[in-house]
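Some notes on the structure that comes next.
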Amino acid sequence: QESDSSGDEIFDKDAVNLSHVGDAVHKVLGRHHYHHHHTMWNVTSGSIVGSVDDTPKNVWNTAENPENGNDDWFPEKMKDIITRTERWCDIMSLGPPDGKFLTAFQDSLRILADRSKTKTNPIVVRIMFGNIAGMPVNCGRVIKALTSHLPQDANLHIWVGAWRRGFSWNHAKIIAVDGVYLHTGGHNLWDAHYLAENPVHDLSFELEGRVARDGHRFANQQWEFIERKQHTCIGFIVNHLPDQLELALRTRVTVSEWPKNKVSEFPPMFNKADVAANTGATGVPLISIGRQGSIVFRSRPSDDAILAMINSSQTIIRLVLQDLGPVCVPGTKKALPSLIWPKAYLAAIGEAIYMRGVDIEMVVSNPNSIPG
């Protein structure tokens, strides 16, 4: 069901020339999620660059394992996007990079460090991870691995953060650069999962235009949460404990900065005034949506937007999903604690099939799928 009304209703000035699907989404968001406009949803514009990034590449017509190096292009593409940074780069992922992803990130920061020496304002890089329960991110160790090769006099400021609140943590995969370039999708930054034997199949894509600003704004909300929680009494104590130490706390935030003792503990917040006004080609109308989990009480604009898309369908719906439904107690259909079945989505899909004759094409992972 749609969330309760926020008490206001807006019409985004950019909500023109939308498709019937876009109109349906905008109507729901404008009516029920006014207070999260420009933070968790926005009507914007941009262009999709090239084809979808799928890994492993060129394997659909064979049962053979991809050759060694088949997808080494992918971390290199991430490096290409990061190294376009002139002023501001946001990176978000579930966990820290390793293997060839780590090498690509190290190389990227080396290039940015060299470029920063010609800049009046520092180049800002904010990197956010999820602090998964039982698997805390050692932000100090990560930032050391990323910066150990960098000159201390670089005009480059880097922050690495991680958070969780209950069973909620960052799961976004975003690279946003200068409010112009955006890469997002499903890929994590793990070598063994994506570049080695029996790799996971995943999808991401690149966009260019104003939509990239919304990637930065989405990151802002998580950085604000980290700063707010770190300033509490418990946050102060936790800040003086090792990052890798697992604690039985509902909320856990960590942050490290570089160069140490030369930059503030917390990063600045992105503002479009910090980057060039030119965002590249106008492109086509787009609606950006994001989910902040338990950082935001109750409101789930993205969930309502997806439901509106399904309910507006007329001909076909194509879905590529890791799964359809929650992790369950083994041998049952009973969801684990804090997880639920997506009954609203399933009901909407069923209605689309039965009432409107909509075709559904859905790809999900095999049961018990694991990489390697």
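The values are calculated or read from the model by the stated rules, or taken from the named source; none is laboratory data. Not measured: the values here are computed from a predicted model. All Cβ positions, even for glycine, are placed from backbone atoms using ideal geometry, and neighbour counts span all protein chains on display. Ligands, DNA and RNA are excluded from the accessible area calculation, which covers all protein heavy atoms including side chains. Shrake-Rupley method; radii C 1.70, N 1.55, O 1.52, S 1.80 Å.
Of I306, I317, which residue is buried (at least 16 other Cβ atoms within 10 Å of the Cβ) and without any contact (Cβ under 8 Å) to a residue 40 or more places away in the chain?
On the way: I317 fails: without any contact (Cβ under 8 Å) to a residue 40 or more places away in the chain.
On inspection, the qualifying residue turns out to be I306.
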Contact list please: Cβ distance under 6 Å, first residue in region 127-142 and closer than 25 Å to S108 by Cα, second residue hydroxyl-bearing (S, T, Y) and at pLDDT 85 or above, pairs at least six apart or on different chains.
C139/T254; C139/S256; G140/S256
Kindly evaluate G280 against the criterion of being surrounded by 11 or more Cβ atoms within 10 Å (Cβ to Cβ), in contact with an Asp or Glu (Cβ under 7 Å, 6 or more places away or on another chain) and part of a loop (DSSP other than H, G, I, E, B).
yes
Restricting the search to region 255-282, which residues are modelled with pLDDT under 90 and among the β-branched types (V, I, T)?
T279, T282
Which count do you get for residues in region 311-367 that are closer than 21 Å to R300 by Cα, aromatic (F, W, Y) and in a helix (DSSP H, G or I)?
1
Per the list (1) out of contact with any Ser or Thr (no Cβ under 9 Å at 6 or more places or on another chain); (2) outside any loop (DSSP other than H, G, I, E, B), residue check on S288 breaks on (1)
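Picking from S45, S108, which residue would you name as being in contact (Cβ under 8 Å) with a residue 24 or more places away in the chain, within 28 Å of I127 (Cβ to Cβ) and in contact with an Asp or Glu (Cβ under 8 Å, 6 or more places away or on another chain)? Spell out the reasoning first.
Numbers: S108 fails: in contact with an Asp or Glu (Cβ under 8 Å, 6 or more places away or on another chain).
So the residue among S45, S108 that is in contact (Cβ under 8 Å) with a residue 24 or more places away in the chain, within 28 Å of I127 (Cβ to Cβ) and in contact with an Asp or Glu (Cβ under 8 Å, 6 or more places away or on another chain) is S45.
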Scanning region 97-141 for residues that are farther than 20 Å from P75 by Cβ and assigned to a strand (DSSP E or B), the one most open to solvent (accessible area, probe 1.4 Å) turns out to be M135
Considering only residues that are over 11 Å from F74 (Cα atoms) and hydrophobic (A, V, I, L, M, F, W, C), look in region 177-195 and name the one that is least open to solvent (accessible area, probe 1.4 Å).
V177
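In a helix (DSSP H, G or I), open to solvent by less than 70 Å² (accessible area, probe 1.4 Å) and in contact with a strand residue (DSSP E or B) (Cβ under 8 Å, 6 or more places away or on another chain): is that true of S256 in this structure?
The answer is no for S256.
Tell me, which residue of region 37-65 that is in contact with a Ser or Thr (Cβ under 9 Å, 6 or more places away or on another chain) and more than 15 Å from A212 (Cβ to Cβ) is most open to solvent (accessible area, probe 1.4 Å)? Outline the logic, then answer.
Here is the first cut: in region 37-65, the ones in contact with a Ser or Thr (Cβ under 9 Å, 6 or more places away or on another chain) are 40-47, 52-55.
From what is left, the residues that are more than 15 Å from A212 (Cβ to Cβ) are 40-41, 52-55.
Details: M40: 6, W41: 4, V52: 74, D53: 9, D54: 30, T55: 2 Å².
Across region 37-65, the extreme among qualifying residues is V52.
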